[in-house]
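The values are calculated or read from the model by the stated rules, or taken from the named source; none is laboratory data. Computed from a predicted model, the values in this text were never measured in an experiment. Quick reminder, even Gly has a Cβ in these numbers, built from the backbone with ideal geometry, and neighbours come from all protein chains shown. Accessible surface areas use protein heavy atoms only, side chains included; no ligands, DNA or RNA. Shrake-Rupley method; radii C 1.70, N 1.55, O 1.52, S 1.80 Å.
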Amino acid sequence: MSDEEGGGSLYVLSAVLLTPTQFPALLGDDFPEACALLGVPPAAEGYGLVLGQDEDGARWTVVVDDVSLVAAAIASWDCGMEYDLSPDERTVVLSLAGWPLELTVATPGIPAPHDPERGADGTGRVPLAPPSADGWGPVQRRLGADQIAREWADWRERVAEDGGAAAAAHPGLARALREAVAYT
């Protein structure tokens, strides 16, 4: 991806969708909150977030409004296929310093990923960074709730596949399940 104004290039490492129905939980509890964190209005179609490095190794998040292009790239990558994600410059909504998500990849042949200086993106903001795992806050609460929901769904599926045998074997389990369902 080329930066026409600065003359540099962005080496794309990953991408994620930011839509009303699909967004990284790390960015907030809902789509408007995630958009606010990035400083973009909550658009009906949403956005694609392109995560990459410039030739100096600096981390950049490019917000684009071509959601279908980013979705096609993600789907191709998930299938193990190559996909050249090069959004048209007219689709770029905003370029932000840093990455809002943790990535463990880097572009070969350029310096290790690092945050550009504060304000390098023209916003005056501190570069985006994944939330710290050292403390408990809204992000950790959301991630914990998402994990519990996934595990709960898996467990309910296993109990259903067993034909309720687990509930019949453990009388207190049926009561606990009813209470848990009522709680959720």
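Restricted to the stretch 51-70, and to residues there that are open to solvent by less than 30 Å² (accessible area, probe 1.4 Å) and in contact with a helix residue (DSSP H, G or I) (Cβ under 7 Å, 6 or more places away or on another chain), the residue that is nearest to L85 (Cα to Cα) is V64. Screening A174 on (1) part of a loop (DSSP other than H, G, I, E, B); (2) in contact with a helix residue (DSSP H, G or I) (Cβ under 8 Å, 6 or more places away or on another chain); (3) modelled with pLDDT under 80 shows it passes everything except condition (1).
For Y83, the conditions (1) closer than 25 Å to G39 by Cβ; (2) aromatic (F, W, Y); (3) open to solvent by 20 Å² or more (accessible area, probe 1.4 Å) all hold with the exception of (1).
The set of residues in the stretch 129-150 being modelled with pLDDT of 80 or more and either in the same structural domain as G39 (by the TED database) or part of a loop (DSSP other than H, G, I, E, B) (or both) consists of A129, P130. A search for C-beta distances below 9 Å between a residue of the stretch 151-178 that is open to solvent by 90 Å² or more (accessible area, probe 1.4 Å) and any residue that is modelled with pLDDT under 80, counting only pairs 6+ apart in sequence or on different chains, returns R158/A166. Checked across the stretch 92-115, the condition of being closer than 22 Å to D29 by Cβ, small (G, A, S) and either under 20 Å from the mean Cα position of the chain (by Cα) or loosely packed, with under 10 Cβ neighbours inside 10 Å (or both) holds for at least one residue. Being within 15 Å of L96 (Cβ to Cβ) and surrounded by 15 or more Cβ atoms within 10 Å (Cβ to Cβ) is the filter; apply it to the stretch 25-36 and report the residue that is modelled with the lowest pLDDT. Among them, the one singled out is L26. Determine whether A120 is part of a helix (DSSP H, G or I), out of contact with any Asp or Glu (no Cβ under 6 Å at 6 or more places or on another chain) and assigned by the TED database to the domain that holds D29. It is false that A120 is part of a helix (DSSP H, G or I), out of contact with any Asp or Glu (no Cβ under 6 Å at 6 or more places or on another chain) and assigned by the TED database to the domain that holds D29.
Of all residues in the stretch 39-50 being surrounded by fewer than 19 Cβ atoms within 10 Å (Cβ to Cβ) and in contact with a helix residue (DSSP H, G or I) (Cβ under 7 Å, 6 or more places away or on another chain), which is nearest to V70 (Cα to Cα)? Within the stretch 39-50, the match that is nearest to V70 (Cα to Cα) is E45. The residues of the stretch 15-60 that are under 22 Å from G124 (Cα atoms) and among the small types (G, A, S), listed by number, are G28, A34, A36, G39, G52, G57, A58.
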